[in-house]
Amino acid sequence: IIDDNVRGMHIVVVQDVANYTTQYMMNEEEVSLSQSDRYEALRSAIRAARESAAERVTVVSPYFPSSRQEKRTNHKKKGKLREAIMAKKVARDIERDGADTVITLDIHNEAIEGFFDRTELINVYAASDFIPYIASNFDLTNAVIGGPDVGSAPRCMFYANILGVGIALAYKRK
């Protein structure tokens with residue numbers, strides 16, 4: 001709900017779709033909204049701003065919804081590609097709803113920028129704030145940077161080199 005006149009203004013919509021810790025009052029009861037509920041709330045806010053004649057709409061979403069579903073995987077047992085590229089659907093939805101710019105944090109795959117036709121995607125990296133905080137607040141004597149798979153190696157090596165620690169990677173077979 002937008003109570004003020006936003007005609008001709010630049011509206012910034014902030015929605016962390018992955019934040020499950022915030023509670024809301026619904027029917028006099030505290031509830032936590034699902035990621036889908038938060039995503040739909042984001043879309044609704046974008047549309048409300050556009051329908052209220054906002055000049056520009058910028059979305060700030062620290063987690064880009066469905067960013068890990070940016071490609072199809074080949075299921076060898078079934079032999080067919082049967083999954084949607086949800087990150088593309090999210091990009092198209094947000095663009096169609098009226099967002100001019102989307103700002104997100106450490107997106108899973110920068111190729112998602114190509115899913116937008118007109119909307120600008122700005123990917124902000126947390127490393128510039130995250131690394132100094134770790135270095136000054138933790139004893140790194142026996143620390144390593146860990147990653148879930150070989151694909152995470154470049155990022156792990158980046159953090160490990162700056163912090164002066166080793167890396168540990170897991171190998172997963174699909």
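The values are calculated or read from the model by the stated rules, or taken from the named source; none is laboratory data. Values in this document were obtained by computation on a predicted structure and should not be read as measured data. Please note: Cβ atoms are built from the backbone with ideal geometry, for glycine as well, and neighbour counts cover all protein chains shown. Note: accessible area is taken over every heavy atom of the protein model, side chains too, but ligands, DNA and RNA are not part of it. Shrake-Rupley method; radii C 1.70, N 1.55, O 1.52, S 1.80 Å.
Points worth noting:
- Among the residues of the stretch 31-62, those that are part of a loop (DSSP other than H, G, I, E, B), touching a residue at least 40 places away in the same chain (Cβ under 8 Å) and surrounded by fewer than 20 Cβ atoms within 10 Å (Cβ to Cβ) comprise 52, 53, 55, 62.
- In the stretch 1-17, the residue that is most open to solvent (accessible area, probe 1.4 Å) out of those that are within 12 Å of residue 38 (Cα to Cα) and in contact with a Lys or Arg (Cβ under 8 Å, 6 or more places away or on another chain) is 16.
- Checked against the criterion of being out of contact with any helix residue (DSSP H, G or I) (no Cβ under 6 Å at 6 or more places or on another chain), modelled with pLDDT of 90 or more and either over 30 Å from residue 173 (Cα atoms) or of a type in the set (S, T, N, Q) (or both), the candidates 41, 49 yield just one match: 49.
- Single residue of the stretch 108-164 satisfying the filter (over 30 Å from residue 92 (Cα atoms) and among the charged types (D, E, K, R)) that is nearest to the chain's Cα centre (by Cα): 129
- Across the stretch 96-137, the number of residues qualifying as surrounded by 15 or more Cβ atoms within 10 Å (Cβ to Cβ) and of a type in the set (Phe, Trp, Tyr) comes to 2.
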